[in-house]
Structures are given as structure tokens and as C-alpha cells.
Amino acid sequence: METAAGVVLAGGRSTRMGQPKAWLEWHGSTLLYRAAAVLARTVDGPVVVVAAPGQELPPLPSGVSVVEDPVEGLGPMQGLAVGLASVADRAETAFVCSIDMPFLHPAFVRRVLRALSPGTDVALPVARGFRQPLAAGYRTALAGLITDLLAAGDLRPGMIFKHCAVARLSDEELLADAELARHDPTLESVVNLNSPDDYAAARDRVPPEVMVECFGALARNGGHRPRGVRAATLGAAAASAGLTLNRHVVAALNGDQVTRDEALPLVAGDTVAFLSADAGG
């Protein structure tokens, strides 16, 4: 089995937004935190954030590292080369995304990465009418090719696809995945935010529905019965159950990931089980 990494490109200038996208608030955390955490809960390899030279970043999830792009102003191609090179010794493939896709679903990430079969260099979604090079899967060995293209003055991501084997994924091919079709049927995973209006509309949307259960001493008054709540983060899901994540309470996400990270992003289809840490979980 190949190891997959996650790469988040954070060095964009955010010209149309008018303020750094990385710091935009998102249900108690930031857009950057959400992007990095979604990848961290999905891939089995390292997750890195590529920052512009001297760029100040908000707090990141535990275990996520930062690599600095040494050259400013070369756009996403330069960030892509730096990000892939930084994980190439630890992962064969990587899902690469920008920070401004708050509806990115793990099922989308997994579907794209599965398209990186032997002999395929890039898994490129062509979703909602557009190529999505910043929501795509890449072989980390492409770092050298991209560096050579940059040296030749080719700054557009589309230039990569002329030099390697690309699997293009249409809407229909993406949605042939049952999990993705169930939880993201309109492929909002690739929706990005470019303007203040885009951000305001996205931030005002109703959070995803997740299932919440309580066990042990926490399951009072029927709290052990699964129930649907609207919550964008683990902390919001805990609050819906009248709980606070602390040394006495932990959460198990989808039956495996045990955490107290209140800012951990939740997505449609998640199940959160709250357990009493005092009782040993």
C-alpha cells in the first residue's frame, strides 16, 4: 500500500478577498486549520502547509508541519513543487489543496487518491465544469519535473499535465463512489472562496449533520441513543450534548480517532461518540 500525504498551499496573496484567507474565522477556528485538519484525519502520511516567505500563520492541528516557499510570487506551481518535495521521502502520493475550500470532504480526498493507480502521475478532478489542480492527487516524485518547468518559465499548473500521465475525473466518475455521492452529491468539496461575499455566504450556511452518541456515565436521560445534530466542529457537537471536552471527556470520531480537539472539523456522515475518560474510555 502506498502512503499518501496532504499538502495545503497557504501562500496565496488573497487579493480579491482583501485579507489573508488563512486567518479567516471558520466556526471557532480558521480556514487554514480546517483544511489541514481535514487532510490530517484522512491521509495516512504527513500533512504539511506551504507558506510564503515570512508569512505568519494561525495555529495548526497537532502534527501538521510548515514548510516555507523560498521564492515569492511564482504562484501555486512553486508551492506545489515545495510541498511535494517536502514529503517525497515519506509518501509516494499526496492530495494537494488550497486553503479556501471549506466544504472539502474526506470522501472526495479518498476518491481522488484512489485514482493514482500505477502508471498515473496526477489524478485531476474536472468537477463542476472546471479543472481542479488545487484539489487533486499528485505523485510526490513530480517535484523535480515541476521545478524544471518553473526554471523554464512555465508557471501554470496546466503545464504539468502535458508532461505526465493524468487521470481526469469527471463529475460522473467521482460520484460513482457511493460514499462521496451520499455525503457530497453536488461536489461542493471543490467550491472555493475568492471574495468577501463568497466567504460570508459560506460561513452563514447551516453546518453539516452528524450523529452524536454518549456512553457510560455520560449517557444520562437517554443520551446513549444516536441523534443527529448540526455541528461544524467537535466542540460544537460536544456542546449539543451538554458536554465540554476536557480531561474527563473524550470523543471517538467514526469509531477510531480518539481526540479532545474542539476545533476538529466535522463533515456530513460523521459519527461522534463521547466517553468518560475517568472510566477508562
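The values are calculated or read from the model by the stated rules, or taken from the named source; none is laboratory data. Since the model is a prediction, treat every value here as computed from it, not as a measurement. All Cβ positions, glycine included, derive from the backbone under ideal geometry; neighbour counts span all protein chains shown. Ligands, DNA and RNA are excluded from the accessible area calculation, which covers all protein heavy atoms including side chains. Shrake-Rupley method; radii C 1.70, N 1.55, O 1.52, S 1.80 Å.
Within segment 53-67, the set of residues being under 19 Å from the mean Cα position of the chain (by Cα) and of a type outside the set (S, T, N, Q) comprises L57, P58, P59, L60, P61, G63, V64, V66, V67. For segment 232-244, a residue qualifies if it is open to solvent by less than 40 Å² (accessible area, probe 1.4 Å) and either free of Cβ contacts under 8 Å to residues at least 40 places away in the same chain or part of a strand (DSSP E or B) (or both), and the qualifying residues are T233, L234, A237, A238, A241, L243. Only residues that are in contact with a Pro (Cβ under 8 Å, 6 or more places away or on another chain) and in a helix (DSSP H, G or I): list them for segment 170-202, please. Residues satisfying the conditions are L174, L175, V190, A202.
Scanning segment 126-144 for residues that are more than 14 Å from V96 (Cβ to Cβ) and touching a helix residue (DSSP H, G or I) at 6+ places or on another chain (Cβ under 7 Å) returns A127, R128.
Conditions tested, residue by residue: (1) more than 19 Å from the chain's Cα centre (by Cα); (2) loosely packed, with under 13 Cβ neighbours inside 10 Å.
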site: A167; (1), (2): yes, no
site: A176; (1), (2): yes, yes
site: D198; (1), (2): no, no
site: P207; (1), (2): no, no
site: G216; (1), (2): yes, no
site: R230; (1), (2): yes, no
site: N246; (1), (2): yes, yes
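The condition of being under 20 Å from P157 (Cβ atoms), in contact with a Cys (Cβ under 7 Å, 6 or more places away or on another chain) and in contact (Cβ under 8 Å) with a residue 60 or more places away in the chain holds for only one of L104, L84, that being L104. Name the residue that is least open to solvent (accessible area, probe 1.4 Å), counting only residues in segment 96-139 that are assigned to a strand (DSSP E or B) and hydroxyl-bearing (S, T, Y). Restricting to residues being assigned to a strand (DSSP E or B) and hydroxyl-bearing (S, T, Y), the top hit is Y138. Of all residues in segment 147-165, those satisfying the criterion of being surrounded by 15 or more Cβ atoms within 10 Å (Cβ to Cβ), under 19 Å from V8 (Cα atoms) and in contact with a strand residue (DSSP E or B) (Cβ under 9 Å, 6 or more places away or on another chain) are P157, I160.
Any residue at all in segment 149-169 that is in a loop (DSSP other than H, G, I, E, B), within 22 Å of A40 (Cα to Cα) and of a type in the set (D, E)?
Scanning segment 149-169 turns up no residue that is in a loop (DSSP other than H, G, I, E, B), within 22 Å of A40 (Cα to Cα) and of a type in the set (D, E).
Of all residue pairs spaced 6 or more apart or on separate chains, those with beta-carbon atoms under 7 Å, a first member in segment 48-69 that is touching a residue at least 12 places away in the same chain (Cβ under 8 Å) and open to solvent by 70 Å² or more (accessible area, probe 1.4 Å) and a second member that is assigned to a loop (DSSP other than H, G, I, E, B) and aliphatic (A, V, I, L, M) are V66/L57. Considered as a group, the residues in segment 2-22 that are crowded, with 20+ Cβ neighbours inside 10 Å and of a type in the set (A, V, I, L, M, F, W, C) include one that is farthest from A201 (Cα to Cα), and that residue is A4. Among the residues of segment 22-49, those identified as among the aliphatic types (A, V, I, L, M) and assigned to a helix (DSSP H, G or I) are A22, L31, L32, A35, A36, A37, V38, L39, A40.
Scanning segment 24-47 for residues that are under 26 Å from D197 (Cα atoms) and small (G, A, S), we see that the one that is most open to solvent (accessible area, probe 1.4 Å) is G28. When segment 62-72 is filtered for residues that are within 15 Å of A37 (Cα to Cα) and either touching a strand residue (DSSP E or B) at 6+ places or on another chain (Cβ under 8 Å) or hydrophobic (A, V, I, L, M, F, W, C) (or both), the ones remaining, listed by number, are G63, V64, S65, V66.
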